[in-house]
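Working notes, beginning with the structure itself.
The values are calculated or read from the model by the stated rules, or taken from the named source; none is laboratory data. Note that the coordinates shown come from a computational prediction; the quantities given were computed from them, not determined experimentally. Glycine also receives a Cβ, built like all others from the backbone with ideal geometry; neighbour counts cover every protein chain displayed.
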Amino acid sequence: MTEDASLKYSVVERERRWLLPGPPSGLDPATARRIHDRYLRGTRLRLRAVTSYDGRTTHKLGHKVVLDAAPPARIAHTSIYLDDAERGLLCALPADRLTKTRYLLDLGDRVAALDVYDGDLLGLVTCEVDLGDGDDVTQDPPFAALAEVTGDPRFAGAALATTRRHELEALLAGHGIVAAPAG
């Protein structure tokens, strides 16, 4: 696929992602979104259910193409919103799953997404900043970060969905984090 074809119906996102030692204090629960992802095996497709603080759930099918992984990452992202019947059909396909709680943080000129993972990924906290269209690619992490993981494929959603507990513990230990006990 050429870059032009992957961009035809996509939004190009420029983002940076960091690994945090844990969730910062003072997160506003009203910004929390519960996310259930299903990465359809053998594809670059992600089926996502997002439940907002007020209980409303949105279902969408996403497709991401990495155009440039070096910080800041450039990703062509296409989303299709689904109704319950469409989602039900796609849920029958084999998939790897992950769940997390996402907090949206207003940084003034940018928005950060802080993800707190659970299940086998309990103890993993990442922060992603959308750089928008600006020229500034030197965005500092909004919190004390242990490492930038923008270009590290092990921290991509599809890879995390297949990461088992012992693998996460080793991955986090490499950054000086002791993973929380599995619950």
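Structural remarks
- If you go through the range 81-114 and pick out every residue that is touching a residue at least 40 places away in the same chain (Cβ under 8 Å) and within 30 Å of Pro24 (Cα to Cα), you end up with 11.
- Of the set (1) under 21 Å from Leu105 (Cα atoms); (2) in contact with an Asp or Glu (Cβ under 8 Å, 6 or more places away or on another chain); (3) charged (D, E, K, R), all apply to Arg41 but (1).
- The single condition among (1) touching a Ser or Thr at 6+ places or on another chain (Cβ under 6 Å); (2) within 30 Å of Gly174 (Cα to Cα); (3) of a type in the set (S, T, N, Q) that Ser25 does not meet is (1).
- Residue within the range 56-64 that is out of contact with any Cys (no Cβ under 8 Å at 6 or more places or on another chain) and modelled with pLDDT under 90 present: yes
- Residue in the range 141-152 that is touching a Pro at 6+ places or on another chain (Cβ under 8 Å), part of a loop (DSSP other than H, G, I, E, B) and at pLDDT below 80 present: yes
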